[in-house]
Amino acid sequence: MKQNHGREKELVEAAFAAREKAYAPYSGFSVGAALLTEGGEIYTGCNIENAAFTPGCCAERAAFFRAVGEGERNFAAIAVAGGKTGEAPASACPPCGVCRQVMQEFCDPATFLILLPESPEKWKTYTLAELLPLGFGGHGKI
């Protein structure tokens, strides 16, 4: 686990702001993500649910898809903030397995950082390799 409070606070705050835009009428669990490119741009995303469930999209993937759609391919870090809609998070909200695999596709597992805040002031930082050991493919590997 790594701890770094440089640009990370800005990223955590952007994740909490993105969480406010979540569309989560079925689970009542709102998530926001803020993705930092190696060039310093921040792309945000929120979870978007659907009555049919599978067409929904996690906040992390929404941020990645938005950034990739804009031509970005190099990423440094992501902050993910989630919890019961309308309430402060009770704990950290780690990315699901599908989102971790999307990260593996575009990021170096050894250096890509994942910030998991409990609040806008307190978070823990992990590498993708720590959260997805033995990840499949991606990042130039097959």
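Structure notes:
- Among SER30, SER91, the ranking by other beta carbons within 10 Å of each residue's beta carbon, starting with the fewest, stands as SER91, SER30.
- Annotation: extensible slack from TYR23 through PHE65 equals 13.4 nm (criterion: 0.36 nm per residue apart, minus Cα-Cα distance).
- Sorted by Cβ neighbour density within 10 Å, fewest at the top, the residues TYR43, TYR26: TYR26, TYR43
- Taking other C-beta atoms within 10 Å as the exposure proxy, GLU70, GLU105, GLU60 rank GLU70, GLU105, GLU60 from fewest upward.
- Based on C-alpha pairs under 8 angstrom that are at least 6 apart in sequence, the range 8-131 has a relative contact order of 23 percent.
A short reminder: the numbers here are calculations on the coordinates, not readings from a lab. No experiment lies behind these values; they were computed from the predicted model shown. When we count neighbours, we look across all protein chains shown, and the Cβ atoms used for this are built from the backbone with ideal geometry, even at glycine.
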